[in-house]
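What follows is a set of notes on a single structure, which appears directly below.
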Amino acid sequence: MSIAIDLSGQVAVVTGGGSGIGEAISRTLAQAGATVAIADISLDNGQRVAKEIENSGGKALAVTLDLADRDSIRAGIATVRGELGRIDHLVNNAATWAIKSFADHTPEEVDRIVGITFTGTVSVTQEVLPDVIDSGGSVVVISSDGARAGEAYMSVYAGAKSGLIGFAKSVAKEVGRKGVRVNVVAPGTTATPGSSAFIDQVGGADKLAKSYPLGRIGEPQDIANAVLFLVSPLSSWITGQVLSVSGGFSMH
């Protein structure tokens with residue numbers, strides 16, 4: 001007897017799906033049979049990942065989506081509906097940050113970090129949620145273990161990500177009776193191009209790994225595996241939860 005996750009016939013939207021953790025999520029959901037809409041501010045990145053997925057036998061669509069622009073969100077999701085006909089799952093992954101002391105954050109940086117990481121995610125969810133309700137699908141929000149434990153020099157980002165936890169739990173309570181599950185994945189430090197500056201600032205991956213009980217920092221695939229579980233029938237009685245995928249860095 002074997003257990004397999006089969007998402008054939010389902011459509012998943014992944015924001016920021018053209019690089020880093022989002023790219024791993026896009027590829028993993030496609031490998032499970034889902035058609036993946038890669039919604040990324042960089043159409044080039046999205047098209048590259050979509051092409052590679054299709055070359056491997058999967059199905060994917062790249063669309064431009066700027067979380068700082070509500071019109072871009074509406075247009076991107078409308079394209080997904082028009083091309084793919086339905087949306088079953090939404091993975092809110094896209095975000096931005098600045099690595100510097102809180103005192104040195106400019107008002108413009110604060111507005112941009114909160115506007116993309118928190119407000120943009122709220123806007124995408126509001127746009128897509130009716131589709132997910134119609135299909136009885138799920139929403140996964142990528143937060144951060146820094147949002148749970150705090151993270152020096154990333155205070156605004158951690159605050160925005162913390163806000164997403166409260167947002168996701170609240171939406172989960174609203175839509176559970178409609179057959180929709182909403183959960184959060186909170187990664188620890190994960191090796192991506194976007195995190196390289198932070199990893200270098202704290203002394204490199206080997207030094208950072210000493211803070212983790214499992215002895216290493218994360219890989220994008222670690223996060224993608226958790227997302228796959230949470231959109232699959234294997235988690236059909238799980239909603240409103242925060243899953244830390246952090247090698248034991250956060251245990252609560």
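Derivation of every value follows stated rules applied to the coordinates shown; laboratory data play no part. Everything numeric in this text was worked out from a predicted model, so none of it was measured. Please note: Cβ atoms are built from the backbone with ideal geometry, for glycine as well, and neighbour counts cover all protein chains shown.
For Lys59, give me every one of the aspartates and glutamates with a C-alpha distance below 19 angstrom, ignoring sequence neighbours fewer than eight places off in its own chain. Partners within reach: Asp6, Glu23, Asp40, Asp44, Glu83, Asp88.
Couplings 3J(HN,Hα) for the range 228-236, derived from phi with the Karplus relation 6.51 cos²θ - 1.76 cosθ + 1.60 (θ = phi - 60°), are 4, 4, 6, 8, 8, x, 5, 10, 5 Hz, where x marks Gly and Pro. Using the Cβ of Ile87 as centre and a radius below 12 Å, the other residues enclosed give a net charge of -3, where K and R count +1 and D and E count -1.
Only one residue of Val171, Thr125, Gly146 has its Cα farthest out toward the positive end of the dipole of the range 97-171, where Lys and Arg carry +1 and Asp and Glu -1 on Cβ, and that residue is Gly146. Spacing of the modelled spin labels on Lys178 and Arg86, each 7 Å from Cα toward Cβ, amounts to 1.7 nm. Cα-based values for the range 102-220, radius of gyration first and Dmax second, are 16.3, 48 Å. Bridging of Lys210 to lysines at a Cα separation below 24 Å is possible for Lys100, once same-chain residues fewer than 8 apart are set aside.
Across the range 11-245, the mean sequence separation of Cα contacts (distance under 8 Å, 6 or more residues apart), normalised by length, yields a relative contact order of 19 percent. The range 106-123 and the range 135-157 have Cα centres lying 14 Å from one another. Scalar couplings 3J(HN,Hα) for the range 57-74, obtained by applying the Karplus form with A = 6.51, B = -1.76, C = 1.60 to θ = phi - 60°, are x, x, 10, 7, 9, 9, 9, 7, 8, 10, 5, 8, 10, 4, 5, 5, 4, 4 Hz; x denotes Gly and Pro. Applying 1/(1 + (r/R0)^6) with R0 = 22 Å to the Cβ-Cβ distance of Asp6 and Phe229 gives a FRET efficiency near 0.95. Compared with the dominant principal axis of the Cα atoms in the chain, helix 155-175 is inclined by about 30°. Look at where the Cα atoms of the range 158-188 and of the range 224-241 average out, and the two centres are 13 Å apart.
Per-residue Cβ neighbour counts within 10 Å put Thr106, Thr28, Thr121, Thr192 in the sequence Thr106, Thr192, Thr28, Thr121, beginning with the fewest. With Cα atoms as the point set, the chain shows a radius of gyration and Dmax of 17.1, 57 Å. In straight-distance terms, cross-link reach from Lys173 covers every one of the lysines whose alpha-carbon lies under 29 Å from its own, apart from those fewer than eight places away in the same chain; here that gives Lys161. With the helix formula -39500 (n - 2.57) applied to DSSP H stretches of n ≥ 4, the chain reaches a computed 222 nm mean residue ellipticity of -13500 deg cm²/dmol.
Taking a sphere under 10 Å around the Cβ of Ser138 and counting the other residues whose Cβ falls inside, with K and R at +1 and D and E at -1, yields a net charge of 0. Near Glu127, once Lys and Arg are set to +1 and Asp and Glu to -1 for all other residues with Cβ below 9 Å from its Cβ, the sum equals +1.
Ranked for footprinting exposure by Cβ neighbours inside 10 Å, fewest first, Met154, Met251 give Met251, Met154.
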